[in-house]
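Accompanying notes for the structure given below.
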Amino acid sequence: MSSKILTCRQACWAEFLSEFHFTITYRPGLLATLPDALSCQEGVYPEMGEDFTSKNPMNFKKLIKQDEVQPSRFFVVKVEAFSNLIESIQKAVCQYSQYRSILQELGKGKSFQDYSLDSSSQLLLFKDQVVVPNDPTIQLSISKKRHDCPLAAPPGREKTFKLVKRYFHWSGMTQFINYYVSSCQQCSKNKNIHHEKFELLKPLPIPNGPWIYLSMDFITQLPLSNSFDSILVILDRLSKMAVFIPKMSSITLFDLAHLFIKNIFSKHGLP
């Protein structure tokens, strides 16, 4: 028997479950009446805003004892002040005429479609979400706070979008977050592979003689020398003999064929 290759998520759960000694047995749903009844019982889980320790005080335990607290054993995480972000959004919103007119209407006590004004921070809201203007710096700062958290692994594309969408709103948010997450190196390494396995690389066959199989390449953007700024490199795969032909970068296909006939075909024959 061959072991199954696990994904990153399955490997994490397998490592966690390896600490327990248990046996997995199949139990039909008709015989699982007691667990189903306990899972459907009301009042077991805490409601919204309720402290979880009120249901079971044993759920709250001190992870670090008081005598074990030593400053040298902790690290400091740099956290930017949220007030700086609010000030940046306020200044950026005032630079757009469309948002200034909406703020003026809301300041007069009038209603304006789905827009509103937050009483505490004086931020412009759209359906209870903070309006972010078309400022890449602010949008990048918000995306970093939701994606590059130092206390947890970076979420994927959909979770990052939901975290940002929960409190903020700007046009083109989906495209911006998709581009930002796609540039994350850690997300690219940990994402699931949805394609079939690639085959092993196969070497090219060994030529039977010289100048039978050739490879060609161009060296461009060179300093101008004798009216030439590029080099055509033709390499024999067996003997590794190379021919360097000066040329211009604006060479046409007809001129390239002429150089090949003049320098290769006339001396070594047809490859």
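Structure notes:
- Label-point separation, E105 to K267 (7 Å along Cα→Cβ), nm: 7.8
- Gap separating the Cα centres of region 203-269 and region 95-161, nearest whole Å: 58
- Its relative contact order, with pairs defined as Cα atoms under 8 Å and 6+ residues apart, puts region 214-268 at 27 percent.
- Highest-first arrangement of 246-254, 135-143, 11-19, where packing means the average Cβ count within 10 Å: 135-143, 246-254, 11-19
- Contour excess over end-to-end distance, with Cα ends at F198 and L31 and 0.36 nm allotted per residue: 55.6 nm
Read the figures in this text as sums done on the coordinates, not as results from a lab. The shown structure was predicted, so the numbers you read here are calculated from the model rather than taken from an experiment. Neighbour counts are summed over all protein chains in view; Cβ atoms, including those assigned to glycine, are modelled from backbone coordinates with ideal geometry.
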